[in-house]
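Peer 1: Mind looking over this structure? Questions follow.
The values are calculated or read from the model by the stated rules, or taken from the named source; none is laboratory data. This one's a predicted model, so the numbers in the text were calculated from it and none came from an experiment. With ideal geometry, Cβ positions are generated from the backbone for all residues, glycine too; neighbour counts draw on all protein chains shown. Side chains included, ligands, DNA and RNA excluded: accessible areas come from the protein's heavy atoms. Shrake-Rupley method; radii C 1.70, N 1.55, O 1.52, S 1.80 Å.
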Amino acid sequence: MTAEPTTTPSTPAPASQAAPASPTPAAHAAPPPARALPGSGEGQRHVLVVLVLDRPGVLNRVASLMRARNFNIDSLSVSRTDREEVSRMTITLHGDAVRVEQAAKQLYKLVDVLKVQDVTTDQLVEHELVFVKVRASDQNRAEVIKVVELYKGRVVDIAPESVIVEATGTESEMDALVALLRAYGIKELVRTGAVVMLRGAGSIEEQLKWEGPR
């Protein structure tokens, strides 16, 4: 007769080696309030004046930086100033104040950029020039000219089937004029983009500390 194998009873593990008890679920903490992210505000039109050295490549660097920061430039006008080798850019774009401020700071760090100023909220004289070639016949030419004169424009060329008109004013004024002339048919249109100057005795160029070429 085969003897049954004997089994040794297992010894319980010491209390120090027992499996740790599962932690009691803590009460769910309330989520932190949402923070306002920089650059997430409502976009508006901004006008930047940028003084630069008149050297090759500076326009491309300025435009590339604005593109890299995802700005679509509405208009960009470049001209010389009364200072030798200094040019002035007037840039109009849409964006919220924080993003535009950050872009202006980055512009100032570029090589050949001497000064950047956001003049959006300043008192300005602002104009742009527009040429429009409008379809015009003997029947409606006088009507077209009357519309142009209402916006203080003038006719600079007359042809049998068209007229070229010239006008200056703010961006909104030129938008309104172009909208009216579109009813007659626009054959060609060119606009310079805005140029601005501070009202009063203040001068952006006088604030420039650059002493000229060496």
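Peer 1: So with the 1.4 Å probe, I'd like the accessible area per residue for segment 126-167, rounded to whole Å².
Peer 2: Details: 2570 Å² over 42 residues.
Averaged over the residues of segment 126-167, the accessible area is 61 Å².
Peer 1: So for each of 141-147, 64-70 I average, over its residues, the number of other beta carbons within 10 Å; can you give me the resulting order with the highest mean first?
Peer 2: Numbers: 141-147: 15.1, 64-70: 13.6.
So the peptides 141-147, 64-70, ranked by packing, come out 141-147, 64-70.
Peer 1: Mind checking the full-extension length gain between Asn140 and Arg199? Use 0.36 nm per residue of separation minus the Cα-Cα distance, one decimal, nm.
Peer 2: Details: separation 59, 0.36 × 59 = 21.24 nm, distance 3.98 nm.
Here the segment from Asn140 to Arg199 would lengthen by 17.3 nm.
Peer 1: Here's a follow-up. In what order, largest first, do Asp118, Asp112 sit by accessible area if the probe radius is 1.4 Å?
Peer 2: Numbers: Asp118 60, Asp112 25 Å².
Ranking Asp118, Asp112 by accessible area, largest first, yields Asp118, Asp112.
Peer 1: Given an 8 Å cut-off on Cα distances and at least 6 residues of separation, report the relative contact order of segment 83-201 as a percent. Please list the in-between numbers first.
Peer 2: Working: 157 pairs, mean separation 39.6, N = 119.
Over segment 83-201, the number comes to 33 percent.
Peer 1: Continuing with the same structure: Given the protein chains as shown and a 1.4 Å probe, how many square angstrom of Ile186 are accessible, to the nearest 10?
Peer 2: Around 50 Å² of this residue is reachable by solvent.
Peer 1: Still on this structure, I have one more. Taking every Cα atom in segment 146-204, find the radius of gyration and the maximum pairwise distance Dmax, and write them in Å.
Peer 2: 14.2, 48
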